[in-house]
Amino acid sequence: MILLGRLETVAALFSDDTLEGAHDAGGAGGAIGGIFAAVWALVVVIGLWRVFTKAGQPGWASLVPIYNAWVLLKIVGRPGWWLVALLVPVVNVVFGVILCIDLARSFGKGSVYGLGLAIFSAIFTVHLGLGDARYTGPAAA
């Protein structure tokens, strides 16, 4: 009898009624995380838009997949065939790092800044776009 009573107590602890508050709290945390992610994504989009406009390109081009890579290649002075290389797995990592270094140099920054762009893209793109960096011309040309 005592064992049965304890099992009922344990079962009550894990019933849907007692865990309902925990589910509500998780939903609130998920909503806050979602809002934070949306705001951060908007800041990154604004930063990339500014990078494009600083380089004399239309800001909206930063929003169009594939085309934004083409315009980015134009900004840094790399040939258009690099776009194909950016679509090939593994090869795209090497070309992407070189592209980030070229982008940093095109804005008067060094190679270490370019590696930062490659590794921490969101943070460095926002800094490049919203900071005081000026476009100096295609670094690879």
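For region 121-128, check the following and say yes or no: at least one residue is modelled with pLDDT under 95, outside any helix (DSSP H, G or I) and surrounded by fewer than 17 Cβ atoms within 10 Å (Cβ to Cβ). There is no residue in region 121-128 that is modelled with pLDDT under 95, outside any helix (DSSP H, G or I) and surrounded by fewer than 17 Cβ atoms within 10 Å (Cβ to Cβ).
Would you mind stating whether V88 is surrounded by fewer than 16 Cβ atoms within 10 Å (Cβ to Cβ), at negative phi and modelled with pLDDT of 90 or more? Here the answer is yes, as V88 does meet what is asked.
The values are calculated or read from the model by the stated rules, or taken from the named source; none is laboratory data. What you see is a predicted model, and the numbers here were worked out from it, not measured in a lab. When we count neighbours, we look across all protein chains shown, and the Cβ atoms used for this are built from the backbone with ideal geometry, even at glycine.
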